[in-house]
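*Asks:* Before we start, here is the structure in question, set down as structure tokens.
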Amino acid sequence: MPEKTTAFKVRDILFLIMTVLPIVCGIVIRVLFVPSSDGIEISGAHIFFNMDFPVSPLIISEAQVNSWLVMISLLFLCLYLTNGIKENIHTKRQVIAEWIVETVEKLVKDNMGDYFTGFAPFVAAIMALSAFSSLMSLTGMFPPTSDLNIVAGWAFLVFILITYYKMKCGPLHYLKSFAEPVPFLAPLNIISEVATPISMAFRHYGNILSGSVISVLIAAALQGLTHLVLGWLPGWLGEFPFLRVGIPAFLSLYFDLFSGLLQAFIFAMLTMLYIGGAFSLEDYIARKQKKIKTKSTT
Amino acid sequence: MLELAIGIMLGLCALGAGCAMIAGIGPGIGEGNAVAKACEAIGRQPESRSAVTTTMLMGCAVAETTGLYALVIAILLIFVAPGRFVDILLAAIK
């Protein structure tokens, strides 16, 4: 075990604080600026302010702020895990960091092939961002993934990547892929091309949103039930929703933890499969060899 | 008269949301089939458990998509559409 220098310790504490601080900030922002509703109600992200822009106003909402907070928190978590990383010397956090990197690289290699090994950071980033955004609802904050705009942004990114890798075998090859197996199916092919990002976005968003809607409905039902059963108790005892203590936690176990993590995994998995499926290495190599041949002849 | 119109509108929105969720039947049956087959596969080859589970979860997620489209439409019909429609109605009357 090497001696820990003061600088190392200071950096350690700084990174840990910066990991936790955004989450605390988010809770404080929510408590201060988001008006609390007296009843139980289902609403979207709270809009902090509208900025006037030429085409349409730019809306800064809770979902955006929270997703930025998650990003900052994740960045410093990564810095904390890789702080003081060295060859051979295995601190606990280095083992964790190496395990994460190795797992993701193996996953990418298994699903996308050797050509796409460089995609591991992207896939890991999407997975971590999605998982931590969904887990945010455990702290009582608005999970960014239950806002369609955030998830649609990621899906659009994946769509651009899919198109890029289809274009890599040449624009003509890309256009020709729409006319397969028969040319008159082209409209359907175009629809299915556009449906990919839409279905990805709606799948993630719908899963997280349905969880939060059902949680709210159950909470409202339990509150009504307590009022019905224990309403005769005097004073605040009659007002206090006893049944709402503890029981929704079991639902939260499924809807927040399991569903959120599963959706993060599925989103990353679909990203890998779609991008991997958009690119055929044989066509690419054939095209490259053709190019080299034409160059050498001229 | 205006109350009646708004009432019919809200009622139809709720009815439409209910009808949209009939789509929940399809993913239910599909995912049930997928899980049943996965159980059979694991029973036959217990050592392939992790691979089968991963593939099954992926398939379930893809099968769920149609149900989630219906859910999104139902949520839009309940929370977004009534306000829009009432606004349109009021604007038409003015």
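*Asks:* Kyte-Doolittle cut-off 1.0, length cut-off 18 Å along the helix's own axis using Cα: show which whole DSSP H helices in chain A pass. Working shown, then result.
*Replies:* Numbers: long enough: A:6-33 (39 Å, 1.91); A:62-81 (28 Å, 1.52); A:92-112 (30 Å, -0.26); A:120-135 (22 Å, 1.80); A:148-167 (28 Å, 1.62); A:186-230 (63 Å, 1.11); A:259-277 (26 Å, 1.56); A:281-297 (24 Å, -1.38).
Once both thresholds are applied, what remains is A:6-33, A:62-81, A:120-135, A:148-167, A:186-230, A:259-277.
*Asks:* Please list the non-local residues whose amide H lies under 5 Å from the amide H of residue A:48, H modeled 1.01 Å from N, same-chain partners needing a gap of 5 or more.
*Replies:* Distant-sequence amide H within range of residue A:48: A:60, A:61, A:62.
*Asks:* In the full protein assembly as shown, how much of residue A:284 is accessible to a 1.4 Å probe, in Å² to the nearest 10?
*Replies:* The accessible area comes out at roughly 40 Å².
*Asks:* What accessible surface, in Å², does a 1.4 Å probe find on residue A:227, ignoring ligands, DNA and RNA and rounding to the nearest 10?
*Replies:* Approximately 120 Å² for this residue.
*Asks:* Using only Cα atoms, locate the centre of segment A:121-179 and the centre of segment B:1-57, then give the distance between them in Å, rounded to an integer.
*Replies:* That distance is 24 Å.
*Asks:* Compare each residue of segment B:63-83 in its chain alone against the assembly with all protein chains, and report those whose accessible area goes down by 10 Å² or more; 1.4 Å probe, heavy atoms.
*Replies:* B:64, B:65, B:68, B:69, B:71, B:72, B:75, B:79
*Asks:* Taking a virtual spin label 7 Å from the Cα of residue A:290 along the C-beta vector, which residues in segment A:147-184 bring their backbone nitrogen under 11 Å of it?
*Replies:* A:169-174
*Asks:* Full extension from residue A:139 to residue A:109: what is 0.36 nm times the residue separation minus their Cα-Cα distance, to one decimal in nm? Provide the component values of the computation, followed by the final result.
*Replies:* Details: separation 30, 0.36 × 30 = 10.80 nm, distance 3.47 nm.
Working it through step by step, the gained length comes to 7.3 nm.
*Asks:* Using a 1.4 Å probe over the heavy atoms of the protein chains, calculate the carbon and sulfur portion of the accessible area of segment A:6-297 as a whole percent.
*Replies:* In segment A:6-297, the share of accessible area belonging to carbon and sulfur is 71 percent.
*Asks:* Which of the aspartates and glutamates could a cross-linker bridge to residue B:94, judged by Cα under 16 Å and excluding same-chain residues fewer than eight apart?
*Replies:* Leaving aside aspartates and glutamates fewer than 8 places away in the same chain, those within reach of residue B:94 are B:3.
*Asks:* Provide A:78, A:169 ordered by accessible surface of protein heavy atoms (probe 1.4 Å), highest first.
*Replies:* Descending order: A:78, A:169.
*Asks:* How far apart, in nanometres, would the label points at residue B:12 and residue A:232 be if each is projected 7 angstrom from Cα along the Cα-to-Cβ direction?
*Replies:* Once both label points are built, they end up 4.7 nm from each other.
*Asks:* Is it possible to state the helix-based mean residue ellipticity at 222 nm for chain B, with each DSSP H run of 4+ residues giving -39500 (n - 2.57), the sum divided by total residues, to the nearest 500 deg cm²/dmol? What is it?
*Replies:* The per-residue figure over chain B is -29000 deg cm²/dmol.
*Asks:* If each of residue A:24 and residue B:19 carries a label point 7 Å out from its Cα toward its Cβ, how far apart are those two points in nm?
*Replies:* Simple spin-label model gives 5.4 nm for this pair.
*Asks:* Quote the accessible area belonging to residue A:36 in square angstrom, nearest 10, computed with a 1.4 Å probe and with ligands, DNA and RNA left uncounted.
*Replies:* Looks like 110 Å² after rounding.
*Asks:* Nearest 100 Å² is fine: how much accessible area is buried between B and A, summed over both sides, with a 1.4 Å probe?
*Replies:* Approximately 1300 Å², summed over both chains.
*Asks:* Quick test of the membrane-span-like rule: which DSSP H helices of chain B reach at least 24 Å along their long axis (C-alpha atoms) with mean Kyte hydropathy at least 0.5?
*Replies:* B:2-20, B:49-75
*Asks:* Let me know the shape class of segment A:22-166, please: from the alpha-carbon gyration tensor, a ≥ b ≥ c as square roots of the eigenvalues, rounded when a/c is under 1.5, otherwise prolate if a/b is greater than b/c, or oblate. Before the final figure, lay out the partial values.
*Replies:* On the way: a/c = 2.57, a/b = 1.49, b/c = 1.72.
Since a/c reaches 1.5 but b/c is at least a/b, the shape of segment A:22-166 is classed as oblate.
*Asks:* Moving on. Taking a 1.4 Å probe, which of A:180, A:62 shows the most accessible area, and what order do the others take after it? Before the final figure, lay out each step's value.
*Replies:* On the way: A:180 105, A:62 10 Å².
If we order A:180, A:62 from most to least accessible, we get A:180, A:62.
*Asks:* So which residues of segment A:180-217 lose at least 10 Å² of accessible area, probe 1.4 Å, when you go from the chain by itself to every protein chain present?
*Replies:* Checking the loss per residue gives A:199, A:202, A:203, A:205, A:206, A:207, A:209, A:210, A:213.
*Asks:* Right, next: For chain A, what class follows from the C-alpha gyration tensor (a ≥ b ≥ c being the square roots of its eigenvalues): rounded when a/c is under 1.5, otherwise prolate if a/b is larger than b/c, else oblate?
*Replies:* oblate
The values are calculated or read from the model by the stated rules, or taken from the named source; none is laboratory data. Here the structure is a predicted model, which means the values were calculated and not measured. Cβ atoms come from the backbone with ideal geometry, glycine included; neighbour counts cover every protein chain shown. Ligands, DNA and RNA are excluded from the accessible area calculation, which covers all protein heavy atoms including side chains. Shrake-Rupley method; radii C 1.70, N 1.55, O 1.52, S 1.80 Å.
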